[in-house]
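Have a look at the structure below, then the notes.
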Amino acid sequence: MDRLAWQGVTIVQIRHATIEDAAISFAIRREAIRAQCRDDYAAADLDIWTSGDMSETFARRVADQFHVAAVGSHIVGTGMIDLETGRIDAVFVLPEYMRRGVGRAMMDHLQGLAVSAGLGSIQLDSTLNAVSFYRSLGFEGEDRVVYQSSLGVSLTCVSMIKHLPSA
């Protein structure tokens, strides 16, 4: 479990998710999208993107691939990485914990996993609102891509990459 410490006090703990984390992970995703993406995407698209109930497929994906960030006993963020491809996805933080280091701690954790796995780079498709955050972490890229949601909405994103140091 990774910890982000500030003045000797543990603020964020990151661990691999379990099936029990699926419902809160789904809720964090929904709240983060609604709070942060509203200035960059049409309200109708956000409504579609965040509609519906959690699927069994999502719950299994959480248990298999997600990591969660906790402050105390509260799960406040999520993220995942495919260690075969280096693709990062599902980095979401509860709105009341945004800009408090949770997203950065998650990205540091995922990058550490990638370095340990011997990957030379990590990639992601950033929502338009998060491009500056990822740039601050060393990601590069300008190419626009279209994210196709399983719910039928198409969203413009920016394809980004970060080259990693050797382990």
**Asked** Which condition number does Asp40 fail, the rest of (1) in a loop (DSSP other than H, G, I, E, B); (2) surrounded by 12 or more Cβ atoms within 10 Å (Cβ to Cβ); (3) among the acidic types (Asp, Glu); (4) free of Cβ contacts under 8 Å to residues at least 40 places away in the same chain being met?
**Response** (4)
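When only residues in the range 147-167 that are more than 27 Å from His16 (Cβ to Cβ) and assigned to a strand (DSSP E or B) count, which is farthest from the chain's Cα centre (by Cα)?
At the first step, the residues of the range 147-167 found to be more than 27 Å from His16 (Cβ to Cβ) are 148, 152-156, 158.
Narrowing the set further to residues that are assigned to a strand (DSSP E or B) leaves 148, 154-156, 158.
On the way: Gln148: 17, Ser154: 19, Leu155: 16, Thr156: 17, Val158: 15 Å.
Looking at the filtered set, the residue picked out is Ser154.
Got at least one residue in the range 3-14 being in contact with a strand residue (DSSP E or B) (Cβ under 8 Å, 6 or more places away or on another chain) and at pLDDT 95 or above? Write out each step before concluding.
As a first pass, look at the range 3-14 and keep what is in contact with a strand residue (DSSP E or B) (Cβ under 8 Å, 6 or more places away or on another chain): 3-5, 10-14.
When the remaining residues are screened for being at pLDDT 95 or above, the result is 14.
The answer is yes; a qualifying residue exists.
Restricting to the range 43-64, name every residue that is surrounded by fewer than 20 Cβ atoms within 10 Å (Cβ to Cβ), touching a residue at least 40 places away in the same chain (Cβ under 8 Å) and under 23 Å from Gln123 (Cα atoms). Let's see the steps before the verdict.
Start the filter on the range 43-64 by keeping residues that are surrounded by fewer than 20 Cβ atoms within 10 Å (Cβ to Cβ), which leaves 43-48, 50-61, 63-64.
With the extra rule that they be touching a residue at least 40 places away in the same chain (Cβ under 8 Å), the set shrinks to 45, 48, 51-52, 59-60, 63.
Listed by number, the residues that qualify are Arg60, Ala63.
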**Request:** Tell me, yes or no, whether the range 116-129 has at least one residue that is buried (at least 18 other Cβ atoms within 10 Å of the Cβ) and among the acidic types (Asp, Glu).
**Result:** yes
**Message:** List the residue pairs whose Cβ atoms are under 9 Å apart, where the first residue sits in the range 144-167 and is free of Cβ contacts under 8 Å to residues at least 24 places away in the same chain, the second is among the hydrophobic types (A, V, I, L, M, F, W, C) and assigned to a loop (DSSP other than H, G, I, E, B), and the two are 6 or more positions apart or on different chains.
**Reply:** Tyr147/Val153
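Go through the range 124-146 and give me each residue that's assigned to a strand (DSSP E or B), under 15 Å from the mean Cα position of the chain (by Cα) and not small (Gly, Ala, Ser).
Of the residues in the range 124-146, the ones assigned to a strand (DSSP E or B) are 124-127, 140, 144-146.
Then drop every residue that is not under 15 Å from the mean Cα position of the chain (by Cα), which leaves 124-127.
Of everything in the range 124-146, those that are assigned to a strand (DSSP E or B), under 15 Å from the mean Cα position of the chain (by Cα) and not small (Gly, Ala, Ser) turn out to be Leu124, Asp125, Thr127.
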**Prompt:** Got a number for residues in the range 26-37 being under 14 Å from Arg61 (Cβ atoms) and without any contact (Cβ under 8 Å) to a residue 60 or more places away in the chain?
**Reply:** 1
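The values are calculated or read from the model by the stated rules, or taken from the named source; none is laboratory data. What you see is a predicted model; the values in this text were computed from it and never measured. Virtual Cβ from ideal backbone geometry, glycine too; neighbours counted across all protein chains shown.
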